[in-house]
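Here is the structure we will look at.
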Amino acid sequence: MQDTGKNIIIAGVGGQGILLFSNLLSKFYMKLGYELKISDVIGLGQRGGGVESHFRYSNKPVLSPFIKAGDADYVISFEQTETLRYLHCLKEDGVILSSTFELSTSSVNTRLEKDMPESKTELIRKSGKKTFIVDPDENKNPDFDISKMMNIVMLGFYSEYRGYNHDEMIQIVKENVPEKFVEGNIKAYEKGWAIARAELVAKESEVSNC
Amino acid sequence: MVMMNGNEAVARGAFEAGVKVAAGFPGTPSTEVMDYTHQRYPDIYCEWSTNEKVGLEVAIGASFAGYRSLAIMKTVGLHVAADALGGAAGSQINGGLVIVVGDDVGRIAGDDYNDVRHYGNMFNIPVLEPSDSQDAKDLMVKAFEISEEYTTPVILKITSVICKTTSRVIIDEEYTYEAKCRVKYPVSFSKVIMTTMMMNAKGSEHPKLVKCFNDFPAHMKRLADDCNDFDINKLELNGKKIGVITAGTPYFYTKEVLPDASILKLGLVMPLPEKLIRELAEHVDELYVIEDGHDILEKNIKDLGVSVIGKELFPKFPEMTRFTPDIIEEKLVPDAPKRAIMEGIPFRLPVSCAGCSHLFITQILKKHKIKAAADVTCGLIGCFPHTEAYSLQKCMGSSIALSHGYNVATDHRENFVAMIGDGGFWATGINGLMNLIFNDSQSTVIIVDNSCLAMTGGQHIASSEFGFNYKPENKLEIAKVCEAIGVKDIVTVDAYEIETLENAILNAVNAKTNSVVIVKKPCITKFKLPKSDPYHIDQDLCTQCRKCVNIGCLAIESKKGKDGKVEIFINEDLCVGCGLCSTACKFDAIML
């Protein structure tokens, strides 16, 4: 076992399937024999409130349920305002995987506070970390509803990035989502995997052109 | 070995302890302890009671019958049940009696800052606190043993972090359930009766007097001595520089940030293992207390004459809502790098679900400038500044009595209306209604009948058409109960019939009598009501007056488009097509 473990912050807003994402990932790492601690922080906002999951797997017992700022290997976020909240949690060589989806906040909607003047996507890109951005609008697909299954698109992306066995991950998806959503979720997973493949090829060619 | 969150682990612990009866009232973060107990362990009788006090009383009665019993609530709920707890404290216990109480540290779900351990101090009863799921299951079993051995109710304190953290738990797969039963005492009386006996009949051996007498201070003294040897209190002697006394998840934060520290991890946080504390104090140069919530361990340790550093280094609320590993590192690890969250990220105030009946009520109240009190649960969202519909709001079930108080003080010159959810109404609000009737008040009460306790995830209440012990013939009708109590004017309206609802509220407010408007609409989230076509905003007609935004509906957003221009628009994925926003728009810009 080369990988001794990672700390992953999974973020977004209520209703985006963050808990399903961390649940599927936990099944995968359990099969690999890792120790796990997963701590979910769910806000008051009912639908639309911020949700974060601190996901830690390790080949040693995991101590703190919370990932200390500066200790996160990955921030995987389904909403870009939420991505910004966790950038400071990343390690120097940490990786960001963020959707461009944005649910405007009630305080900005009602002008209790001003929105950030800069583009949030650009702020994420400027963080200096290794960054992957997925735009759900650009990846709309008749085979599945990306507004509901962005979590599984991101799971496909993450698995490809980590070089995991897709058959195993798809099997876990099949076993853990309701029957009627299995087909759409597999399409979503394959979409994420394909986006990652294309991104990684592009990044490699960037590097080789330098 | 299985993965469980804290709530699941507590439920498993109850099962392995042979609990027979579980009663309580929903409350974040500990609601799911009951849900899991009911789903997974059908041998255990479960009920959501009308409120926490009733739930605890049910458990106390079951315990007196000899069976291990469990009450489940959050700390705010224990305030409601505190009288029952005071009655049970110090009394004779037959079957073990454990109260599982959720402390919402970190105000993750927006609770007030409470700490259940105060009840341990006040009533002199033991409090246990787990650090992870394995601990939660094990301490649950231990709590019942302590309850029976030392004849006392026991509190198991769980926090929002424990409840929502998943980790591995070793369970006995071979375990077969057996309801544990022990009848040791023929009577069990509150301290009022026992202390009267103690004072008047000291030294008496008359069996009628002896039967009533329970020497509870002696039991607690014995527990305080014995707990130095309990394996749930672990002294880990390492380095001599830093020592930490801790409990709950802060134990793991400490272990991670200070791997060389000597640590006393308390499973039993009350009473304290004095010998272990002194042993640690002698071993180290600096002794710290790291505890979530109030400075209760710290004060109790200082009372033993041991000097510790606590809140002088780690100031409590509002500086800190809960411990994190970061806070410990910042204070105790020199040269730790500082990392701060990016500035200017907008915050998220709680918003009602699109199509919620509460939004229809707040719109009407605001339109007619009707002053009103809100209750808790989903209706309290109307108090936040983006909706701004209510001027008074306190605790569960309070709004009816609050408005009555306002109205008698102002000689009923204006009708200060009460809005209350069905959950709050059954919990304690019904007392407020009875009170205003027989005190000849003329308040108007709006009761939101959404057929469940929506805020905590849709648990059943007395007027629900489902539930653990549901039978159609036992369902309570809000209108019938109001009628029986003596309310003069009762109307029931569908929330989405906005004109009828508006007239009903105005008629009730203007009537010179007491009145109830029941607003019916099943909770849109719990019952997954079918959606209608979404509305949209015509950008040419929209003046950005933001009347629609101030409804406080999750589906109405304002943000920059890809061209950089700010637009107000309706999120089609979230809109349920209720049409409320189209009635609010003065420019006819919102349409199907």
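Could you tell me which numbered condition B:V141 fails, if it satisfies all but one of (1) away from chain A (no Cβ under 14 Å); (2) β-branched (V, I, T); (3) buried (at least 24 other Cβ atoms within 10 Å of the Cβ)?
(3)
If you go through region B:63-75 one residue at a time, do you hit one that is surrounded by fewer than 20 Cβ atoms within 10 Å (Cβ to Cβ), in contact with a Pro (Cβ under 9 Å, 6 or more places away or on another chain) and away from chain A (no Cβ under 14 Å)?
Checking region B:63-75: not a single residue is surrounded by fewer than 20 Cβ atoms within 10 Å (Cβ to Cβ), in contact with a Pro (Cβ under 9 Å, 6 or more places away or on another chain) and away from chain A (no Cβ under 14 Å).
Check B:L506 against each of (1) open to solvent by less than 40 Å² (accessible area, probe 1.4 Å); (2) of a type outside the set (S, T, N, Q); (3) more than 14 Å from chain A (Cβ to nearest Cβ); (4) within 20 Å of B:Y390 (Cβ to Cβ) and name the one condition it does not meet.
(1)
Only one of B:G397, B:G379 is in the same structural domain as B:F416 (by TED's automatic domain parsing), crowded, with 23+ Cβ neighbours inside 10 Å and not in a loop (DSSP other than H, G, I, E, B). Can you tell me which?
B:G379
Among the listed residues B:E483, B:E473, B:E499, which satisfies the condition of being without any contact (Cβ under 8 Å) to a residue 12 or more places away in the chain, closer than 26 Å to B:V351 by Cα and surrounded by fewer than 15 Cβ atoms within 10 Å (Cβ to Cβ)? Even if it seems obvious, please write down each step before you answer.
Working: B:E483 fails: closer than 26 Å to B:V351 by Cα; B:E473 fails: closer than 26 Å to B:V351 by Cα.
Within the list B:E483, B:E473, B:E499, the selection yields B:E499.
Any residue that is at pLDDT below 95 and basic (K, R) - is there at least one of those in region B:277-293?
No, the conditions are met nowhere in region B:277-293.
Tell me which of these B:A179 doesn't satisfy, since it passes every other one: (1) open to solvent by 20 Å² or more (accessible area, probe 1.4 Å); (2) of a type in the set (G, A, S); (3) not assigned by TED's automatic domain parsing to the domain that holds B:N7.
Condition (3) is where B:A179 drops out.
Can you confirm whether B:K180 is touching a residue at least 60 places away in the same chain (Cβ under 8 Å) and of a type outside the set (S, T, N, Q)?
Values: touching a residue at least 60 places away in the same chain (Cβ under 8 Å): yes; of a type outside the set (S, T, N, Q): yes.
In short, yes.
Taking the residues in region B:473-502 that are outside any helix (DSSP H, G or I) and small (G, A, S) as candidates, determine which candidate is nearest to B:N431 (Cα to Cα).
Here the answer is B:G486.
May I ask you to verify whether B:I171 is touching an Asp or Glu at 6+ places or on another chain (Cβ under 7 Å) and either of a type outside the set (S, T, Y) or in the same structural domain as B:R68 (by TED's automatic domain parsing) (or both)?
no
Of all residues being open to solvent by 10 Å² or more (accessible area, probe 1.4 Å) and within 12 Å of another protein chain (Cβ to nearest Cβ) in region B:5-30, which is farthest from B:H79 (Cα to Cα)? Just the residue, please.
Only one residue fits best here, namely B:N5.
In region B:334-354, which residues are at the interface with chain A (Cβ under 7 Å from one of its Cβ atoms) and of a type in the set (D, E, K, R)?
Listed by number, the residues that qualify are B:R339, B:R348.
Could you check region B:322-343 and list, in sequence order, the residues that are touching a Gly at 6+ places or on another chain (Cβ under 7 Å) and surrounded by fewer than 13 Cβ atoms within 10 Å (Cβ to Cβ)?
Passing the criteria: only B:P337.
Go through region B:200-233 and report how many residues are open to solvent by less than 30 Å² (accessible area, probe 1.4 Å), under 33 Å from the mean Cα position of the chain (by Cα) and free of Cβ contacts under 8 Å to residues at least 40 places away in the same chain.
0
When you look at B:M140, is it of a type outside the set (D, E) and touching a Phe, Trp or Tyr at 6+ places or on another chain (Cβ under 8 Å), yes or no?
Criteria not met by B:M140.
For region B:279-321, give me the residue count where each residue is part of a loop (DSSP other than H, G, I, E, B) and in contact with a strand residue (DSSP E or B) (Cβ under 8 Å, 6 or more places away or on another chain). Don't jump to the end; show me each part of the working.
Initial filter on region B:279-321 (part of a loop (DSSP other than H, G, I, E, B)): B:284-285, B:291-295, B:304-308, B:310-321.
With the extra rule that they be in contact with a strand residue (DSSP E or B) (Cβ under 8 Å, 6 or more places away or on another chain), the set shrinks to B:284-285, B:291-293, B:295, B:306-308, B:310, B:313-314.
Here the count works out to 12.
Is it the case that region A:85-94 has a residue that's under 28 Å from B:S352 (Cα atoms) and either part of a helix (DSSP H, G or I) or open to solvent by 10 Å² or more (accessible area, probe 1.4 Å) (or both)?
Taking region A:85-94 and keeping what is under 28 Å from B:S352 (Cα atoms), we get A:85-86.
Retained after the next criterion (residues that are either part of a helix (DSSP H, G or I) or open to solvent by 10 Å² or more (accessible area, probe 1.4 Å) (or both)): A:85-86.
Yes, region A:85-94 contains a residue that is under 28 Å from B:S352 (Cα atoms) and either part of a helix (DSSP H, G or I) or open to solvent by 10 Å² or more (accessible area, probe 1.4 Å) (or both).
Here is a list: B:L276, B:L365, B:L359. Which entry is over 30 Å from B:K520 (Cβ atoms) and either more than 14 Å from every other protein chain (Cβ to nearest Cβ) or not in a loop (DSSP other than H, G, I, E, B) (or both)?
Going through B:L276, B:L365, B:L359 in turn, the sole match is B:L276.
I'd like to verify a number: residues in region B:535-551 that are open to solvent by 50 Å² or more (accessible area, probe 1.4 Å) and within 8 Å of chain A (Cβ to nearest Cβ), how many?
Here is the first cut: in region B:535-551, the residues open to solvent by 50 Å² or more (accessible area, probe 1.4 Å) are B:536, B:539-541, B:543-545, B:547, B:550.
Next, only the ones that are within 8 Å of chain A (Cβ to nearest Cβ) stay: B:550.
Count: 1.
Looking at (1) in contact with a strand residue (DSSP E or B) (Cβ under 7 Å, 6 or more places away or on another chain); (2) modelled with pLDDT under 95; (3) closer than 26 Å to B:V493 by Cα, which one does B:Y535 not meet, given that it meets all the others?
Looking at each condition in turn, B:Y535 falls short on (2).
Can you name the helices (runs of 4 or more DSSP H) wholly within region A:107-202 that have at least 3 residues being open to solvent by 20 Å² or more (accessible area, probe 1.4 Å) and within 14 Å of chain B (Cβ to nearest Cβ)? If you could, list the steps in order and put the result at the bottom.
Working: elements: A:120-125, A:146-162, A:166-176.
The qualifying helices (runs of 4 or more DSSP H) are A:120-125, A:146-162.
Looking only at region B:234-243, decide whether some residue is within 26 Å of B:Y113 (Cα to Cα) and buried (at least 21 other Cβ atoms within 10 Å of the Cβ). Write out each step before concluding.
Restricting attention to region B:234-243, the residues satisfying the condition of being within 26 Å of B:Y113 (Cα to Cα) are none.
No: zero hits.
Residues of region B:552-581 being out of contact with any strand residue (DSSP E or B) (no Cβ under 8 Å at 6 or more places or on another chain), more than 10 Å from chain A (Cβ to nearest Cβ) and under 29 Å from B:T500 (Cα atoms), which ones?
Residues satisfying the conditions are B:C575, B:V576, B:G577, B:C578, B:G579.
Of all the residues that make up region B:438-460, how many are in contact (Cβ under 8 Å) with a residue 12 or more places away in the chain, in a loop (DSSP other than H, G, I, E, B) and open to solvent by 20 Å² or more (accessible area, probe 1.4 Å)?
Final tally of qualifying residues: 7.
Taking only pairs six or more apart or across chains, which ones have beta-carbon atoms under 7 Å, a first residue in region A:194-205 that is β-branched (V, I, T), and a second residue that is surrounded by fewer than 14 Cβ atoms within 10 Å (Cβ to Cβ)?
Partner pairs satisfying both residue conditions: none exist.
Taking the condition in contact (Cβ under 8 Å) with a residue 12 or more places away in the chain, within 30 Å of the chain's Cα centre (by Cα) and surrounded by 14 or more Cβ atoms within 10 Å (Cβ to Cβ), does B:V517 pass?
Considered against the rule, which asks whether it is in contact (Cβ under 8 Å) with a residue 12 or more places away in the chain, within 30 Å of the chain's Cα centre (by Cα) and surrounded by 14 or more Cβ atoms within 10 Å (Cβ to Cβ), B:V517 comes out as yes.
Only one residue in B:E274, B:E312, B:E319 is open to solvent by 30 Å² or more (accessible area, probe 1.4 Å) and modelled with pLDDT under 95. Which one?
When all the criteria are applied, what remains is B:E319.
The values are calculated or read from the model by the stated rules, or taken from the named source; none is laboratory data. Fair warning: this is a prediction, and the values are worked out from it, not measured in the lab. Cβ atoms come from the backbone with ideal geometry, glycine included; neighbour counts cover every protein chain shown. Accessible surface areas use protein heavy atoms only, side chains included; no ligands, DNA or RNA. Shrake-Rupley method; radii C 1.70, N 1.55, O 1.52, S 1.80 Å.
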